[in-house]
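Only one structure is covered here, and it is reproduced in the block below.
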Amino acid sequence: MNVAAGWRVARLVGVHDETATARTLVLDVPGWPGHLGGQHVDLQLTAEDGYQAQRSYSLAAPAKGDRIELTVQRVPDGEVSPYLTEVLTIGDPIEVRGPVGGWFVWRPADPAPVLLLAGGAGIVPLMAMVRARRAEASRTPFRLIYSLRTPGDLYYGEELRRPGPGDAGADATLLYTRTAPPGSPRPSRRLSTEDVERYGWPPDFEPTCYVCGPTGFVEAAADMLTKLGHDPRRVRTERFGPSGG
Ligand SMILES: Cc1cc2nc3c(=O)[nH]c(=O)nc-3n(C[C@H](O)[C@H](O)[C@H](O)COP(=O)(O)OP(=O)(O)OC[C@H]3O[C@@H](n4cnc5c(N)ncnc54)[C@H](O)[C@@H]3O)c2cc1C
């Protein structure tokens, strides 16, 4: 493989399915320098005729040595995500560049409380922050609000439903938009300002807010935070929209 500057050749060393349409990939990236929760990588695929496609994917967990984890949601008519979730096989090489990003990150030394708002696959970098908090034995107060369509769309279900001792002070609320689990006190509906007020931190607590998901979700949720009185300078957003914009 002819590798341009800044790119490393990684190898797929593990996979596990999070849902019927999302898969976690474990990549071995020789010389990986480490990263912060919230950062992402660029992946590059090169076809035999030289055609190349690049996409960004958030890092889902702190690195373990040279190993990194990504979780990819399959977009049915997509160019890259079906390949990553259905074709890429253990042992296969893939080009990786990163870590990328310096604003949408959580630094364990930052004492501010944290409010995480995830829409669908937007949980990925926010879970990396929750996992980094656990790995660092941090006691920073965290609250996660995770908006998803149905129980079958839940990523990291075991970890979120059964938090361990290292997760004390990090609370997660799951809110369903299409089908809530039986007996759920809240009917399925889109995230509302009332939800953010009820399950988040009050603005006078001055949390750093991280919002991630599809563009529409991010814009709506960031709006709710500002309406509730959160300082926009403490609201950090990451959009998973098709253009990345
Ligand atoms: C910083 C950053 C981090 C990201 N992290 C992740 C991540 O952790 N996990 C993850 O699964 N994705 C993530 N994404 C999205 C990812 O980069 C791709 O956009 C996504 O996998 C679709 O690529 P594709 O080649 O399969 O689809 P494309 O060939 O690019 O698009 C095919 C069709 O699907 C539509 N489409 C493209 N993307 C989406 C989408 N996200 N939702 C709905 N429709 C879409 C397009 O408009 C088009 O019609 C991230 C994006 C950014 C910018």
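The values are calculated or read from the model by the stated rules, or taken from the named source; none is laboratory data. Everything numeric in this text was worked out from a predicted model, so none of it was measured. Because the Cβ atoms are built from the backbone with ideal geometry, glycine has one as well, and the counts that use them run over all protein chains shown. Only protein heavy atoms, including side chains, enter the accessible area calculation; ligands, DNA and RNA are left aside. Shrake-Rupley method; radii C 1.70, N 1.55, O 1.52, S 1.80 Å.
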In the range 210-245, what residues are free of Cβ contacts under 8 Å to residues at least 40 places away in the same chain, more than 10 Å from the ligand (Cβ to nearest atom) and part of a strand (DSSP E or B)? V235
Please tell me if L225 is farther than 22 Å from S81 by Cβ, of a type outside the set (S, T, Y) and at pLDDT 95 or above. yes
Can you say whether Q52 is without any contact (Cβ under 8 Å) to a residue 24 or more places away in the chain, open to solvent by 10 Å² or more (accessible area, probe 1.4 Å) and within 15 Å of the ligand (Cβ to nearest atom), as far as the supplied structure shows? yes
Qualifying positions in the range 55-73 - within 13 Å of the ligand (Cβ to nearest atom) and either open to solvent by 60 Å² or more (accessible area, probe 1.4 Å) or among the basic types (K, R) (or both): R55, S56, Q73
As an exercise: evaluate E136 against (1) open to solvent by 30 Å² or more (accessible area, probe 1.4 Å); (2) in contact with a strand residue (DSSP E or B) (Cβ under 8 Å, 6 or more places away or on another chain); (3) not β-branched (V, I, T) and give the number of the one condition it does not meet. (2)
Among all residue pairs at least 6 apart or on different chains, which show Cβ distances below 6 Å where the first residue, located in the range 90-107, is open to solvent by 30 Å² or more (accessible area, probe 1.4 Å) and the second is of a type in the set (S, T, N, Q) and within 14 Å of the ligand (Cβ to nearest atom)? P99/Q39; G101/Q39
Take the conditions away from the ligand (no atom under 16 Å from the Cβ) and open to solvent by 20 Å² or more (accessible area, probe 1.4 Å) and apply them to P207. Does it pass? no
Given the structure, is P214 out of contact with any Asp or Glu (no Cβ under 8 Å at 6 or more places or on another chain) and surrounded by 13 or more Cβ atoms within 10 Å (Cβ to Cβ)? yes
